[in-house]
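The values are calculated or read from the model by the stated rules, or taken from the named source; none is laboratory data. These numbers were taken from a predicted model, which means no experiment stands behind them. Cβ coordinates were reconstructed from backbone atoms using ideal geometry, including for glycine residues, and neighbour counts include every protein chain displayed.
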Amino acid sequence: MTMHTSDTTSPDPELRRFVELSMPLTGFATYDLYATGMAQLYLDTVRGQLGASRLTDFLDTWQPALATVEGARQLSPLDREIARAVTYLWYTGGWPRLAPAAHAALRREVPNTEFVASPSSYPEGLVWRTFAGHPAGAKPPGFGTWANEPPALPTLEEIVEELRAAAEDPAVQAACAPAAYRAEVPSGSVPVHLMPGPRPSRAVAPSAVPAAAAPPDTEPEEASE
């Protein structure tokens, strides 16, 4: 009879640190972040987009910031943009387009485009759990659950209390200020199609969208006799 033992090895120190510092960004306990199965992929994604040294610099800055009253508000615009991107990755499974100023400051050697980290990261996005929903075409709920009213969304105080109960509270309150995650970009200096986000066209009025050009005439010319 073969005995199976569980793997009790601890995660890689860098991965553990990345997940622990992602907890105050997302509002989910590290247990929930590991449970997505995406932690290593997301770490590799962030490292590939920022570079190993810049990722370490961000974590070295973010960790002590959590112990202060200002929290994320004391981060530089560049670090706030990185924090926003990491949060976006956990919630949607995709890496966002960075603000042009942040992309230029990082001197990245990769295109500043949004992409999905992997086919499995989309259904594992935390966004679905925040409103007790499920991604279209994946993770369907049980039969008849549509008839039940979804649970009420937790308040910020309830989220903080849950994380404190899990003994994982490095100044969560300081990390939850939405205004702290905006990079400073000069107003009016960036074309709308270069702004961060998955669908910048949403900020364009329908009347401003140019009409589609007529298709070219592809009818073959009559052969001359």
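For Gln63, which of the numbered conditions (1) touching a strand residue (DSSP E or B) at 6+ places or on another chain (Cβ under 8 Å); (2) surrounded by fewer than 17 Cβ atoms within 10 Å (Cβ to Cβ) fails to hold? Every listed condition holds for Gln63 apart from (1).
Exactly one residue out of Val69, Val127, Val110, Val116 is under 19 Å from Thr30 (Cα atoms), aliphatic (A, V, I, L, M) and surrounded by fewer than 21 Cβ atoms within 10 Å (Cβ to Cβ): that is Val127. Of all residues in region 168-185, none satisfies being part of a loop (DSSP other than H, G, I, E, B), at pLDDT 55 or above, of a type outside the set (Val, Ile, Thr) and at negative phi.
Of all the numbered requirements in (1) within 19 Å of Val86 (Cα to Cα); (2) at pLDDT below 55; (3) in a loop (DSSP other than H, G, I, E, B), Glu124 misses one, and that requirement is (2).
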